[in-house]
């Protein structure tokens, strides 16, 4: 898999225009590109101008093909003057799950109704780890991922990605059924063990960039669950 973790801010008066244009690109990508497995859009709860994309492609060639698609070019033209600051992009590989997770967001015969639009709780968060602790961090967070997806009914996915250009940057991509499910997650034994294990592994000179909030697209009733992956 070749995964893009995108972080951006939009001018306050262009938020709705940006959402409309980005849903068009995301939907066009997932429905028309055989190499695009997901294109999730997240809006931060604490700052409606902050967004994140999680784009999952089969490989780098599939991502390159995405850049030639008409829907991408329409999006690129539409949003050119909407950004507030630079767009951050991390090119990543999955470290959890590594093979047996469910990646595709599309489901056939979905009920298309506004009720299902946007009630999930999504975490799109970079973690910066000291180089000497990378292997231990990945092992610990992968165990937490197994615990979260296997033991919590409200945890739909707990993916961990590693920046291919900067291995000390790892991304947590967590999807919960609702905010209460995330509160439940914070009390579980596996998260408490993980927090204890990794507390001294972070590079505290680097921080920031997380988005936590609702799913703008796809809707709740698409395939958000990674299943019960192992590590």
Next on the checklist: I want to make sure I understand the PRE zone here: with the label point 7 angstrom from the Cα of residue 228 toward its beta carbon, which residues in the stretch 173-207 have backbone N atoms less than 20 Å away?
Outcome noted: 175-177, 185, 188-191
Checklist outcome for this item: For residue 73 and residue 136, extending 7 Å from Cα along the Cα-Cβ vector and measuring point to point gives, in nm, a value of 5.2
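By how many nm would the segment from residue 151 to residue 192 grow when fully extended, if each residue of separation counts as 0.36 nm and the alpha-carbon distance is taken off?
Details: separation 41, 0.36 × 41 = 14.76 nm, distance 1.40 nm.
Extra length from residue 151 to residue 192 when fully extended: 13.4 nm.
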Checklist entry - What angle do you read, to the nearest 10 degrees and between 0 and 90, between the alpha-carbon axis of helix 189-198 and the longest principal axis of the chain? => result 80
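Taking R0 as 25 Å, what's the FRET efficiency between residue 180 and residue 104 from their Cβ-Cβ distance, rounded to 0.05?
Details: r = 27 Å, r/R0 = 1.07.
After rounding, the FRET efficiency stands at 0.40.
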Checklist entry - Between the helical axis of 15-32 and the dominant principal axis of the chain, each derived from Cα atoms, what acute angle in degrees is found, rounded to the nearest 10? => result 80
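Compute the relative contact order of the chain as a whole-number percentage, counting only Cα pairs closer than 8 Å that sit 6 or more residues apart in sequence.
On the way: 474 pairs, mean separation 67.1, N = 231.
It rounds to 29 percent for the chain.
Determine the calculated [θ] at 222 nm for the chain from helices alone, applying -39500 (n - 2.57) to every DSSP H run no shorter than 4 residues and normalising by the residue count; nearest 500 deg cm²/dmol. Working shown, then result.
Numbers: 6 runs with 70 residues, N = 231.
Computed ellipticity for the chain at 222 nm equals -9500 deg cm²/dmol.
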Checklist entry - Helix 70-79 versus the longest principal axis of the chain: what angle, 0 to 90°, nearest 10, using Cα atoms? => result 90
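Where a number appears in this text, it was derived from the coordinates with a stated rule and is not lab data. All of these numbers come straight from a predicted model, not from anything done at the bench. Cβ atoms come from the backbone with ideal geometry, glycine included; neighbour counts cover every protein chain shown.
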